[in-house]
Amino acid sequence: MKRRDLIKGVAVLPLLATTTLSQKTASHKLIKPKRLKKGDTVAIIAPSSGADEKQFEKAIQNMTDLGFKPILGKYAREINGFLAGTDEQRIADIHWAFSDKEIDAVWCVRGGYGLSRILPKIDYALIRKNPKIFMGYSDITALHLAIHENTGLVTFHGPVASSTYADYPKKYVINTLITPVVPDKIEPSPDNVAKGTLLYKTQVITSGKARGRLIGGNLSLLTALAGTPYALRNIKGKLLFIEDVGERPYRLDRMFTQLKQSVNLRELAGIALGIFEGCDAPDAKSQTVIDVVKDQLGGLGIPVIYGLSFGHIRDQFTFPLGVQAELDTGNSTMTLLESGVV
């Protein structure tokens, strides 16, 4: 290559880089999927870890009890070590579930691990052209964030297909996906409150009210995605919800530290934390979850509350990612101000 041509090429590199970056980070118009109705077909997929036969039986029964027609992904029952099938098989089921015109919603059978491996190979244009309800939590956080950032589609952080659909979670699945209630003021589950333990008590870290669009999920995934194209970003004025399970307080402290160093949490409107099941202090000398949360999030200058009814627990409500909501620490409530479906 001639030196003059090389200089010309180098000169346009910053422009190309800027263009590519702007395309990747451009915010998409919010897309709301169609609400579900009795008789609709729901695809059950396993995009993370594998599920056993009892979990599939429970998932099928749950979807049937809700009035839907469940159909399993072609590779849903595959087992590949700690994964449910190969990367290619799990991607194929995701693409099938969104592209098949006979399918009305996509429900993950469980979480586990593995979604972050396949995020770069997912066809987000296909998902954007075929907007459907997508439901799950835990490891599913990875795909929630990726879909939201790359398509603008409202997805739903809530019970997986094999969860226990007691009255509380079932109520909010119906309120959110089938017969939208707006506004929908969500209070802590009475059964969760009745447990009375430290992890199940609501704790106001910083009092106040805040409104914003919902974003968030599992803390381990939020931090694992830091530094990737799927990381938490564009958070200004939003409400962040966070949950985790089975982590010692020192590990939670490390993850909150990483989260704070990777994104400016002060830009948020507020933070709602769920119930961190199994995150008890190992001994009397250790900080508790509440100690960690107060230390890490108490000085942000925004409303923060711990103990709302979501997370790796039976009684959890459903979050539509991307919709407007209001957090009220005084009443320990999260109110959905708009529907996540049309």
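Take PRO249 and decide whether it is over 13 Å from ILE302 (Cα atoms) and surrounded by fewer than 20 Cβ atoms within 10 Å (Cβ to Cβ).
Details: over 13 Å from ILE302 (Cα atoms): yes; surrounded by fewer than 20 Cβ atoms within 10 Å (Cβ to Cβ): no.
Considered against the rule, which asks whether it is over 13 Å from ILE302 (Cα atoms) and surrounded by fewer than 20 Cβ atoms within 10 Å (Cβ to Cβ), PRO249 comes out as no.
Which ones in region 199-236 are basic (Lys, Arg), under 14 Å from VAL263 (Cα atoms) and in contact with a strand residue (DSSP E or B) (Cβ under 8 Å, 6 or more places away or on another chain)?
none
For THR223, are the conditions met, namely being at pLDDT 95 or above, among the polar types (S, T, N, Q), out of contact with any Ser or Thr (no Cβ under 8 Å at 6 or more places or on another chain) and assigned to a helix (DSSP H, G or I)?
No: the conditions fail for THR223.
Only one residue in ARG128, ARG77 is in contact (Cβ under 8 Å) with a residue 40 or more places away in the chain, surrounded by fewer than 19 Cβ atoms within 10 Å (Cβ to Cβ), of a type outside the set (Asp, Glu) and in the same structural domain as HIS148 (by TED's automatic domain parsing), so which one is that?
Working: ARG77 fails: in contact (Cβ under 8 Å) with a residue 40 or more places away in the chain.
Testing whether each residue is in contact (Cβ under 8 Å) with a residue 40 or more places away in the chain, surrounded by fewer than 19 Cβ atoms within 10 Å (Cβ to Cβ), of a type outside the set (Asp, Glu) and in the same structural domain as HIS148 (by TED's automatic domain parsing) leaves just ARG128.
Return the pair list, or none, for Cβ contacts closer than 9 Å from residues in region 190-203 that are part of a loop (DSSP other than H, G, I, E, B) to residues that are surrounded by 14 or more Cβ atoms within 10 Å (Cβ to Cβ) and among the hydroxyl-bearing types (Ser, Thr, Tyr), at least 6 apart or on different chains.
LYS201/TYR306; THR202/TYR306; THR202/THR329; THR202/SER332
Considering only residues that are over 17 Å from the mean Cα position of the chain (by Cα) and assigned to a helix (DSSP H, G or I), which ones fall in region 125-147?
Passing the criteria: ALA125, LEU126, ARG128, LYS129.
One residue is enough: does region 53-60 have a residue meeting the conditions β-branched (Val, Ile, Thr), farther than 17 Å from LYS132 by Cβ, part of a loop (DSSP other than H, G, I, E, B) and touching a strand residue (DSSP E or B) at 6+ places or on another chain (Cβ under 6 Å)? Don't jump to the end; show me each part of the working.
Initial filter on region 53-60 (β-branched (Val, Ile, Thr)): 60.
Still in the running and farther than 17 Å from LYS132 by Cβ: 60.
Then keep just the ones that are part of a loop (DSSP other than H, G, I, E, B); that gives none.
So far as region 53-60 goes, no, none of its residues is β-branched (Val, Ile, Thr), farther than 17 Å from LYS132 by Cβ, part of a loop (DSSP other than H, G, I, E, B) and touching a strand residue (DSSP E or B) at 6+ places or on another chain (Cβ under 6 Å).
Okay, residues lined up against (1) assigned to a loop (DSSP other than H, G, I, E, B); (2) surrounded by 23 or more Cβ atoms within 10 Å (Cβ to Cβ); (3) touching an Asp or Glu at 6+ places or on another chain (Cβ under 8 Å):
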residue	(1), (2), (3)
ARG254	no, no, no
ILE271	no, yes, no
ASP291	no, no, no
LEU327	no, yes, no
SER339	yes, no, no
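All but one of (1) hydroxyl-bearing (Ser, Thr, Tyr); (2) in a loop (DSSP other than H, G, I, E, B); (3) in contact with a strand residue (DSSP E or B) (Cβ under 9 Å, 6 or more places away or on another chain) hold for TYR172, so report the exception by its number.
(2)
The values are calculated or read from the model by the stated rules, or taken from the named source; none is laboratory data. The structure presented is a predicted model; accordingly, all values stated were derived computationally and were not measured. Counting neighbours? That spans all protein chains shown, and the Cβs are built from the backbone with ideal geometry, glycine included.
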